[in-house]
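Enquirer: Before we start, here is the structure in question, set down as structure tokens.
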Amino acid sequence: MKLILLACLVALAAAAPRPDEDEAKILVDERQATADGNFNYRYETENGISEDRLGTPGSEGQSNMQGTFRFTSPEGELIVVTYIADEFGLRAESPHLPQPHPLPAHAIEQIRVAEEQRAQGITFEK
């Protein structure tokens, strides 16, 4: 019986959760919310991850949000992203986000011609 009890205790100890080396302690956690739908929060962890977010009720029932988040890339570079999310969609800005390639000159010219034709009332059937 003692052997079974010892085996159960060893199994229990082996199954006990261990602190994860990848987990970071939260250094700052500030939150405020009001009944009218406004809110803001800020958090920061010991490994440099942080976010500041402000929210307000949107004109179409959505939550409008704006803020900034920061973290360190695996290469050790600080990444900062600023964003706005509202009825017009998400707009995020950071030099680290991919950027679209510029349009070639012929595409810009086609757009200009199409706008000119549209202004003259010229339309094309699909």
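The values are calculated or read from the model by the stated rules, or taken from the named source; none is laboratory data. It should be emphasised that the depicted structure is a prediction, and the values quoted were computed from it without experimental measurement. Cβ sites come from the backbone with ideal geometry, for glycine too, and all protein chains shown count toward neighbours. These accessible areas exclude ligands, DNA and RNA; they are computed on the full protein's heavy atoms, side chains included. Shrake-Rupley method; radii C 1.70, N 1.55, O 1.52, S 1.80 Å.
Enquirer: Scan the stretch 60-104 for residues that are outside any strand (DSSP E or B), aliphatic (A, V, I, L, M) and open to solvent by 80 Å² or more (accessible area, probe 1.4 Å) and report the count. First the steps, then the outcome.
Expert: Filtering the stretch 60-104 for residues outside any strand (DSSP E or B) gives 60-62, 73-77, 87-88, 94-104.
Keeping just the survivors that are aliphatic (A, V, I, L, M) gives 97, 103.
From what is left, the residues that are open to solvent by 80 Å² or more (accessible area, probe 1.4 Å) are 103.
Residues flagged as outside any strand (DSSP E or B), aliphatic (A, V, I, L, M) and open to solvent by 80 Å² or more (accessible area, probe 1.4 Å) within the stretch 60-104 amount to 1.
Enquirer: Here is a further query. Surrounded by 11 or more Cβ atoms within 10 Å (Cβ to Cβ) and not in a strand (DSSP E or B): is that true of A114 in this structure?
Expert: Numbers: surrounded by 11 or more Cβ atoms within 10 Å (Cβ to Cβ): yes; not in a strand (DSSP E or B): yes.
Yes: the conditions hold for A114.
Enquirer: Let me ask you something else. For the stretch 8-26, state whether one or more residues are under 30 Å from V80 (Cβ atoms), modelled with pLDDT of 90 or more and open to solvent by 70 Å² or more (accessible area, probe 1.4 Å).
Expert: The first filter runs over the stretch 8-26 and keeps only residues under 30 Å from V80 (Cβ atoms), leaving 19-26.
So of that shortlist, the ones also modelled with pLDDT of 90 or more come out as 25-26.
Within this subset, residues satisfying the condition of being open to solvent by 70 Å² or more (accessible area, probe 1.4 Å) are 25-26.
Among the residues of the stretch 8-26, at least one is under 30 Å from V80 (Cβ atoms), modelled with pLDDT of 90 or more and open to solvent by 70 Å² or more (accessible area, probe 1.4 Å), which makes the answer yes.
Enquirer: Could you list, ordered by first residue, the pairs with Cβ atoms under 7 Å in which the first is in the stretch 70-99 and more than 26 Å from V28 (Cα to Cα) and the second is modelled with pLDDT of 90 or more and of a type in the set (D, E), at least 6 apart or interchain?
Expert: Close Cβ pairs satisfying both conditions: none exist.
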